[in-house]
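Asker: Pasting a structure below so you can have a look.
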Amino acid sequence: MNDRIGVGLIGLGMAVKPHALALKDLSKQVDFLGGFSRSSEGRNAFEQDYGLPTVGSVDELLDNSRLDAVIITTPPSSHAELTIRAARAGKHVLLEKPLDVTFGQARDIVEAVEAANRKLGVVFQYRFRESTITLRELMRAGELGELLSVSCNVRWWRPPEYYAKPPGRGMRARDGGGVLITQSIHTLDVLLDLVGPVRTVNAQCRTSPLRDIDTEDIASASVEYVNGAIGVVDATTVAYPGFPDRIDIAGTKGSAVMEAEKLAVYRVGEQPFHLQGSAIGGGGADPMAFSHEPHRRLIEDFLDAVRSGEQPSASGRSALPVHALIDGMLESSQKGATVTVQSA
């Protein structure tokens, strides 16, 4: 394969900005062959905002012999059809989270792309934050010892205007779920990427009276990890004015606290380690108020995988544990009991 990779983009809505900016940064590696939206207004705005070309249909994009990979940023209900269609057309796929709305459907997508012998990446850009990269390296080196207590908090705020446009946001028919699969999935994915999968969960999920939606905007759970650690998950979009997502890890040799892109590590007998970074992370009213640098790193990692034949770091299969956890939390809340999380 040529070092330059032909890339297209399907879906030009709110999520497109960091992708477009990242692709422009990577212009020496990428031939951008077109973006598609069903809306002509969306296509015109994309061309005007980013100076990148558009195409008139998905077929026009997928039929282009120069296209090697496609980035899909459409709503979850369209993911299976578009992803499998692209893979069977011989294209690698980088799919905006979530893979799909349930663990079973997500696994079906992963297996279908694998059967087509194509690469599937997922847009979990939090894995590529500097804070996450640094903490992952420390933990793999055993710097925190055996894990004992692991928790995360996603206490964000979304105003009524957020749910008003586009129509159907926050509704199961469009999004497939609420705060767990739409917002906190990023932090939950990083949590599991760092410490491994969850064995059991006991959760309560609720819909607040603040919005006219039918999905959960408050969720909490006690969890037991496969490695034996225990902790809590706390996720909501009703916490005005919004706060940084946070992961707390305590082990036999020390502790770490990661707030968005800020990291503090405290090891027994050593000086504390601090990594400064943005504490915004999309927690406030503007969900797009963050740097596109993690997206650039994620896309570059995906392009490297396409070239090398290796799996991308944020592969589709590596994304399955977070879908299993979310399904487990919803099932536990519905049953009012502790449940065993499905194995990915």
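The values are calculated or read from the model by the stated rules, or taken from the named source; none is laboratory data. Everything numeric in this text was worked out from a predicted model, so none of it was measured. Reconstructed Cβ throughout: ideal geometry from the backbone, glycine too, with neighbour counts over all protein chains shown.
Asker: Of the residues Gly269, Gly283, which single one is crowded, with 18+ Cβ neighbours inside 10 Å and part of a loop (DSSP other than H, G, I, E, B)?
Answerer: Gly283
Conditions (1) in a helix (DSSP H, G or I); (2) farther than 16 Å from Leu82 by Cβ, marked per residue:
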| residue | (1), (2) |
| --- | --- |
| Leu94 | no, no |
| Leu99 | no, no |
| Ala106 | yes, no |
| Ile109 | yes, no |
| Val113 | yes, no |
| Ser131 | yes, yes |
| Leu138 | yes, yes |
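Asker: Looking at Asp25, Asp63, which is the one that is of a type in the set (Asp, Glu), assigned by TED's automatic domain parsing to the domain that holds Phe302 and in contact with a helix residue (DSSP H, G or I) (Cβ under 8 Å, 6 or more places away or on another chain)?
Answerer: Asp25
Asker: What do you reckon, is Lys17 assigned to a helix (DSSP H, G or I), among the charged types (D, E, K, R), closer than 20 Å to Glu300 by Cα and in the same structural domain as Ile109 (by TED's automatic domain parsing)?
Answerer: yes
Asker: Hey, among the residues in the stretch 56-75 that are outside any helix (DSSP H, G or I) and either more than 22 Å from His295 (Cβ to Cβ) or hydroxyl-bearing (Ser, Thr, Tyr) (or both), which one's nearest to the chain's Cα centre (by Cα)?
Answerer: Thr73
Asker: Sticking with this one: Name every residue in the stretch 1-37 that is surrounded by fewer than 13 Cβ atoms within 10 Å (Cβ to Cβ) and over 24 Å from the mean Cα position of the chain (by Cα), in order of residue number. Walk me through how you get there before you give the answer.
Answerer: Residues of the stretch 1-37 that are surrounded by fewer than 13 Cβ atoms within 10 Å (Cβ to Cβ), as a first pass: 1-3, 27-28.
Hits for the stretch 1-37 are Met1, Asn2, Asp3, Lys28.
Asker: May I ask you to list the residues in the stretch 159-210 that are free of Cβ contacts under 8 Å to residues at least 60 places away in the same chain, assigned to a loop (DSSP other than H, G, I, E, B) and crowded, with 21+ Cβ neighbours inside 10 Å?
Answerer: Answer for the stretch 159-210, where residues must be free of Cβ contacts under 8 Å to residues at least 60 places away in the same chain, assigned to a loop (DSSP other than H, G, I, E, B) and crowded, with 21+ Cβ neighbours inside 10 Å: Gly170, Gly178.
Asker: I'd like the residue in the stretch 224-258 that is free of Cβ contacts under 8 Å to residues at least 60 places away in the same chain and out of contact with any Asp or Glu (no Cβ under 6 Å at 6 or more places or on another chain) and, out of all such residues, is surrounded by the fewest Cβ atoms within 10 Å (Cβ to Cβ).
Answerer: Residues of the stretch 224-258 free of Cβ contacts under 8 Å to residues at least 60 places away in the same chain: 224, 226, 244, 257.
Checking which are out of contact with any Asp or Glu (no Cβ under 6 Å at 6 or more places or on another chain) leaves us with 224, 226.
Values: Glu224: 17, Val226: 15.
My answer is Val226.
Asker: Pick out the one residue from Arg118, Arg155 that is in contact with a strand residue (DSSP E or B) (Cβ under 7 Å, 6 or more places away or on another chain), of a type outside the set (Val, Ile, Thr), at pLDDT 95 or above and in the same structural domain as Leu82 (by TED's automatic domain parsing). First the steps, then the outcome.
Answerer: Numbers: Arg155 fails: in the same structural domain as Leu82 (by TED's automatic domain parsing).
The unique qualifying residue is Arg118.
Asker: When you go through (1) free of Cβ contacts under 8 Å to residues at least 40 places away in the same chain; (2) surrounded by 20 or more Cβ atoms within 10 Å (Cβ to Cβ); (3) among the basic types (Lys, Arg) one by one for Lys97, which number turns out not to apply?
Answerer: Evaluating Lys97 over (1) free of Cβ contacts under 8 Å to residues at least 40 places away in the same chain; (2) surrounded by 20 or more Cβ atoms within 10 Å (Cβ to Cβ); (3) among the basic types (Lys, Arg) leaves (1) as the failure.
Asker: Could you look through the stretch 48-62, keep only residues that are touching a residue at least 12 places away in the same chain (Cβ under 8 Å) and of a type in the set (Asp, Glu), and pick out the one that is surrounded by the fewest Cβ atoms within 10 Å (Cβ to Cβ)?
Answerer: Asp49
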